[in-house]
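To start, the structure itself, in structure tokens.
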Amino acid sequence: MQGYHGRFLEVDLNTKTTTDFPLSEDFCKDYIGGATMAAALVFDRVKAGTDPLAPENAMVMATGPFTGTSLPMVSRYAIGGLSPLTGFWGEATSGGVFPFRLKGAGWDGIIITGKAASPVYLYLNNGQAEIRDAGHLWGKDSYETQKLIKEERGNDKAGVACIGPAGENLIRYACVINDRGRAAGRCGFGALMGSKNLKAVVAAGNTRPESADAGKVSELAKQAVKDIKGNLVSVALSEYGTLMYMDMGMVLGDTPAKYFTSNVFPVSEVTGQALRQNYTVANYACRGCPIGCGRELKNFKPDLDIDGPEYETTVGFGPLCLNTDFDTIIEANHICNCHGIDTISAGVSVAYAFYLYEQGVLTKDQVGIELNWGDGRAVVALVEKIVGQEGIGVLLSKGVLAMARELGRDEGEAAQVKGLEMPMHEGRAFHGLAVSYATGPRGACHLKGPYYDVDLGNMVLEYMILPSDRLVSAGKGEPAAKFQSFKDLFDALTLCKFAPLQVPQLCDMLNALTGWNFGPEELLAAGDRSINIKRAVSNRFGLTRDHDILPKICLDALDEGTTAGVAPDMEVMLREYYQYRGWDWATGRPTRDKLVELGLNQVAEDFYPQ
């Protein structure tokens, strides 16, 4: 097979054994790679009723056909499985160097089940796999763990994806960290690794699959680099990172503040420009990326260089808490990276605590400190309580849905979808985004169908996904579904969402690597199949149409900013979305006809036995 190694590594931590799992070419054509292939593997392995932290819950780390090639912006990998945070399908992706090393180790990915009797790490190197003792690493933070493993292996180029103490302590939104502060951040896979006593996955080697047409791949790669460098958004990302969007987001009403009850705040204090003006900032790029959107802050404290916060993190620990003190935002981000927790879920949970304090639901005696909007030191203190599992931090570490339930609050007050905390973009500002949030395969996700891209002018002509009035709901359901499918493919190929590449380019790249004959229709069908296999995993665990909603606190119209008085019409968009998807309105499941149309015959038999 070309473009693939044609095998995954199956790891059983109960018995400390490893075996190869072969991939057929038809399987690769159907599921491409990355998070989509992970979903297909999980659907075949995880039975209904499985506890997310049970040994039998499979965790899949997967690369895609683009990973490890000369194409730009493809050093990414995905983790998939049943989410410890939500109980439904979960996935997370990350970039850096680790994805190249994982593919270079000689497999397309790994499937991990079981639980080791004591802490271990998995070491992969050019087709050889070992399970090694990690007792000496347990309790170490993510930065220490990466450093110690590289020293132990005598290989500074080895890729390390690891958990920190948060994963060891099974914090439900613990994440997996690689390449210093890069995070596979969402859905709690750090907790899943911790439940398996798996401290890290270490990958080394340079084993590359053959390409069907290496010359064509090289030609396409050179053109893609030109296109990326010539893109204005790429230039802005290179200069300011993802924070380049902060001031525009506030003007558009797309950046939430004061726990989603406002969208107006002193934005100039927390922009990418402010970060550059007040700190010594260096760029960080994933392997093979011409943009370099990552930030590294030099000498944040004497002799301490740390990873700078991205847009999502800055908003979560900043405006969402009405905090504009960059020092405390950066400090909170660093604590999360060290301990390995998702900054989005943590930020929203912290902001909810501020909101509850203002409502009189939480008191100073319960929290241990006062929570006054804008107090950056209080933000840091709550993050420390979360990672230390101290006092109120135990409740906050469960996420906002659990917080609302345990405190007897209306669930519409919990800023989440399907148990996953809301990102820092507003469905009230881009109505196509609202329906994408409500139906997203892993819950609230700004990367699965980031419809603000469309309504800001980034059309996809092949699928007639065109810009329109961002504050109008009618007509958004179908294009939002198509855009969701298209963007979901990026995590299958695997390709950075910031890559400004067009549908014909993606088809040409995939065909040159594999020798296939994918066109725009086949590509979109693969995206639709991806959304549906992930939906099927969640349906198996109780997901229904009732879960396809936005919480009231993120839906009701605000009285200020450029979205004042406007709220998305979810009923209109959901009906349009369901019609395109071929999902049953009563159950929220894909219909049998749709499953068969997409070639998901086993799912059809499971859901509709005849």
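The values are calculated or read from the model by the stated rules, or taken from the named source; none is laboratory data. Note that the structure is predicted; figures quoted are calculated from it, not measured. Neighbour counts run over all protein chains shown; Cβ positions are idealised from the backbone, glycine included.
Residue-by-condition table, conditions (1) surrounded by fewer than 24 Cβ atoms within 10 Å (Cβ to Cβ); (2) hydroxyl-bearing (Ser, Thr, Tyr); (3) more than 30 Å from LEU543 (Cβ to Cβ):
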| residue | (1), (2), (3) |
| --- | --- |
| ASP51 | yes, no, no |
| GLY68 | no, no, yes |
| GLY80 | no, no, no |
| THR86 | no, yes, no |
| LEU102 | no, no, no |
| LYS115 | yes, no, no |
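Can you tell me which residue among GLY159, GLY164 is under 23 Å from the mean Cα position of the chain (by Cα), of a type outside the set (A, V, I, L, M, F, W, C), buried (at least 21 other Cβ atoms within 10 Å of the Cβ) and under 17 Å from ASP342 (Cβ atoms)?
Answer to the selection: GLY164.
Where in the range 251-312 are there strands (runs of 3 or more DSSP E), lying fully within it, with 2 or more residues that are hydroxyl-bearing (Ser, Thr, Tyr) and in contact (Cβ under 8 Å) with a residue 12 or more places away in the chain?
Here the list reads 280-284.
Consider the range 579-610. How many of its residues are out of contact with any Gly (no Cβ under 8 Å at 6 or more places or on another chain) and either among the β-branched types (Val, Ile, Thr) or within 16 Å of ILE533 (Cα to Cα) (or both)?
The qualifying residues number 21.
Answer yes or no as to whether GLU478 is closer than 28 Å to TYR77 by Cβ, touching a residue at least 24 places away in the same chain (Cβ under 8 Å), of a type in the set (Asp, Glu) and assigned to a helix (DSSP H, G or I).
no
Contact list please: Cβ distance under 7 Å, first residue in the range 47-59 and assigned by TED's automatic domain parsing to the domain that holds ASN169 and under 17 Å from ILE171 (Cβ atoms), second residue in a loop (DSSP other than H, G, I, E, B) and of a type in the set (Gly, Ala, Ser), pairs at least six apart or on different chains.
PRO52/SER83; PRO52/GLY87
Quickly run through the range 181-221 and pick out the residues that are over 21 Å from the mean Cα position of the chain (by Cα), farther than 23 Å from ARG101 by Cβ and in a helix (DSSP H, G or I).
Across the range 181-221, the qualifying residues are GLY215, LYS216, GLU219, LEU220.
Here are some conditions: (1) closer than 27 Å to PHE98 by Cβ; (2) not in a loop (DSSP other than H, G, I, E, B). GLU521 meets all but one. Which one does it not meet?
(1)
How about the range 246-256: which of its residues are surrounded by fewer than 24 Cβ atoms within 10 Å (Cβ to Cβ) and touching a helix residue (DSSP H, G or I) at 6+ places or on another chain (Cβ under 7 Å)?
Correct list: ASP247 only.
Scan ARG540, ARG545, ARG575 and give me the residue that is in contact (Cβ under 8 Å) with a residue 40 or more places away in the chain, surrounded by fewer than 23 Cβ atoms within 10 Å (Cβ to Cβ), under 22 Å from the mean Cα position of the chain (by Cα) and not assigned by TED's automatic domain parsing to the domain that holds VAL46.
Result: ARG540 is the single residue among ARG540, ARG545, ARG575 that is in contact (Cβ under 8 Å) with a residue 40 or more places away in the chain, surrounded by fewer than 23 Cβ atoms within 10 Å (Cβ to Cβ), under 22 Å from the mean Cα position of the chain (by Cα) and not assigned by TED's automatic domain parsing to the domain that holds VAL46.
Does ASP559 meet the test of being of a type in the set (D, E, K, R) and more than 23 Å from GLU462 (Cα to Cα)?
In short, yes.
When you scan the range 565-588, do you find a residue that is part of a helix (DSSP H, G or I) and within 17 Å of ALA257 (Cα to Cα), even just one?
no
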